[in-house]
Amino acid sequence: MDRIAITGGARLEGEIPISGAKNSAIKLMAASLLTEEPLRLTNMPRLADTRFLGRLLQRLGVEVAESEGADGPETLLTTPEIVSGFAPYDLVRQMRASFNVLGPLLARSGQAKVSLPGGCTIGARPVDLHLKALETLGAKIDLHEGYVYAQAPRGLKGGQIDFPFVSVGATEHTLLAAVLADGETVMTNSACEPEITDLADCLNKMGAKVTGAGTPTIRIEGVSRLSGATHAVLPDRIETGTYALAAAMAGGEVRLTKTRSDFIQALIDKMVEAGVDVTSHADGLTVKRGGGRLKAVELTTDPYPGFATDLQAQFMALMTLAEGESVIRETIFENRFMHAPELRRLGADISVQGGEARVRGVAALEGAQVMATDLRASVSLVIAGLAARGETVVNRVYHLDRGFERLEEKLGACGAQVRRLKGDGAEEVE
């Protein structure tokens, strides 16, 4: 099993191009099930998660072709027909978001059998809202032996869906089903993340009639069929924020390109409050930090446009060296402080009680062996290692490979001493 080794102390200087958003790409890939015509996705990230979903889609009848286009990585997805409506546990368990093939399968072919995604290390994340929304659209849902059996032989019907709480996954899943439903669907208390807008934009290019994406109320006028389209995946705001925090942690000056600073304004506000210099420009932002000590700040995670839960672990790493006590409140997922004990192995002073973590800044971190528990936790340990004395080795980095493309290369180009080690401890040959 691969590991990442970081020798701390190197300041970062240079430029990092941001990849397409993982959380958008995987839902856009699922949209290919809705049409027999080709869907071309550009600015595609090459990640473990997109590979997992690609294998599942191929099983369902999607032809998946990857290439390098004029503007970077592309994926062409073509589904002449749905050859199977069965998504087995062995594939769905590898990535929760693959559960979202249920809605498109149901919308296009009228039936599907999809494994429940199972547990998650950062919380239960139930799919009840997904299933209730599909039932509102006229689907018959049965649960048996860990599988969802869904049927809509006469097609889906538009309906009124009022989410009891904001759910990105349920909002996206309902969009993917309702675009082919008969009549109008209205969703209230919808998620407002940029990835929702990106999915709606792509669906509209395919002939859907979606309005209000990016606001709490989304309206979908169902159409009888969708066509193919070409769509560029939006920049990954979590990758953007992660490298911004890495630059702040290590010190130096890093320009992040091919991205948008407005996607992470809540993070930028907290970084500036902590004493980091952040400047926005047309194609991204520049993060600069001199030798002065950071200031402790408080933050609470919230749905977009609030502070993203997917940046909480990385920001906690930054606060380990800040002067004073930081208070970090997690409101989105329970059990999302699993990185705290690993940061303590590096010398951080962190106490956790329920959904609140208190981080008392220390003068320095010391390198150690640590273990990744989830995707965002894994990269928080890399960030901490950039500033720790000596060597930090992050184990179980398959989590990291799910969401960060060429991390060692991108950080290394700015002067970081980061290398990948094979599972047997030998350094990997590039």
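Here, each number is a calculation from the coordinates, and none is a lab measurement. From a predicted model like this one, the values you see are computed outputs, not experimental measurements. No Cβ is skipped: glycine too gets one built from the backbone with ideal geometry, and neighbour counts run over all protein chains shown.
Computed FRET efficiency, Cβ-Cβ of Asp283 and Tyr89, R0 51 Å: what is it to the nearest 0.05? The value I calculate is 0.75. Legend: residue pairs Lys27/Lys422; Lys27/Lys258; Lys22/Lys410; Lys157/Lys209; Lys258/Lys295; Lys157/Lys205, Cα-Cα distance threshold 25 Å; pairs beyond threshold, Lys27/Lys422; Lys258/Lys295. A crude spin-label estimate for the pair Val327 and Ala364, with each label 7 Å from Cα along the Cβ direction, gives 3.2 nm. Of the GluC sites (Glu not before Pro) found in segment 1-105, the ones in coil according to DSSP and having at most 12 other Cβ atoms within 10 Å of their Cβ are Glu81.
Counting only Cα atoms, the size of the chain along its three principal axes is 65, 45, 44 Å, in decreasing order. Relative contact order for the chain using alpha-carbon pairs under 8 Å, separation at least 6, rounded to a whole percent? It comes to 21 percent, rounded to a whole number. Paramagnetic label reach from Val352 (point 7 Å along Cα→Cβ; backbone nitrogen cut-off under 12 Å): within segment 371-403, residues 373-374, 377-378. Over the C-alpha trace of segment 18-141, radius of gyration and Dmax come out as 14.5, 45 angstrom.
Once segment 339-426 is represented by equal point scatterers at the alpha-carbon sites, with solvent omitted, what log10 I(q)/I(0) does the Debye formula produce at q = 0.13, 0.19, 0.25 Å⁻¹? Values, matching the q order: -0.43, -0.90, -1.36. Listed from fewest to most Cβ neighbours within 10 Å, the set Thr174, Thr35 follows the order Thr35, Thr174. Between Ser227 and Ser67, the contour length at 0.36 nm per residue exceeds the alpha carbon distance by 55.5 nm. Taking Cβ atoms as reference points and 11 Å as the exclusive limit, the residues near Arg260 contribute a net charge of -1, counting Lys and Arg as +1 and Asp and Glu as -1.
Between the C-alpha center of segment 7-57 and that of segment 301-348 there is a gap of 25 Å.
Counting Lys and Arg as +1 and Asp and Glu as -1 over every other residue whose Cβ lies under 10 Å from the Cβ of Thr79, the net charge comes to -3.
Between helix 375-387 and the chain there is an angle of about 20 degrees, using the helix long axis and the longest principal axis of the Cα atoms.
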